[in-house]
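One structure is given below, encoded as structure tokens.
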């Protein structure tokens, strides 16, 4: 039986890295998707991929860089396609409008109470840092300055005790990213993807697997 070939450099002896088999399994799914396997792997799935941290695992920076590139490619496939004669598909406009409405509703909660908190002895995302990003999302949805896709995708938050639940915050930010990808400008070559209020009628995580750190 031949020895499995490493796809990435290993972490140093004093550091932990991502469990190799878990990383290889994710990459195998993405590769199969690229070759036509159904259902396709979505950008959100790549973004949320989590791996155990173990000794002599894959170097985390190398894996994260590769997954960022795969996520970018998946995002390019998921952008909204224009309708006939170059006009935006009305159903896509309606979907983006409904998604924006739901986000607005969820952002009406007061600061420090927008998302579930962790339990007493557990750490979560720093509340004020997350609220700062959510304030920018709310401003963009109300017609203010746009919010660049990468500002959400690569948002990083320090931790605090009794902070916002990480999974809840990541899920919410994934919804923001999905909305940005719905907008027609997201598919324009060379266009900066930004969250803004869609013009329709009416009103960004590699995280280790849970428990790995």
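Every read-out reported here was derived from the displayed coordinates using simple, explicitly stated rules and does not represent laboratory data. All figures in this text were calculated on a predicted structure; none of them were measured in a lab. Counting neighbours? That spans all protein chains shown, and the Cβs are built from the backbone with ideal geometry, glycine included.
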What distance in nm separates the simple spin-label points at residue 64 and residue 165, each placed 7 Å from Cα in the Cβ direction? 2.5 nm
Describe numerically, in nm with one decimal, the distance between label points set 7 Å from Cα along Cα→Cβ at residue 48 and at residue 73. 2.2 nm
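For the range 114-169, what is the convex hull volume of the alpha-carbon atoms per residue, in Å³? Walk me through the intermediate numbers first.
Numbers: hull volume 3.9 nm³, N = 56.
Once divided by residue count, the hull of the range 114-169 is 70 Å³.
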Cβ-Cβ FRET estimate between residue 101 and residue 32, R0 fixed at 35 Å, reported to 0.05: 0.45
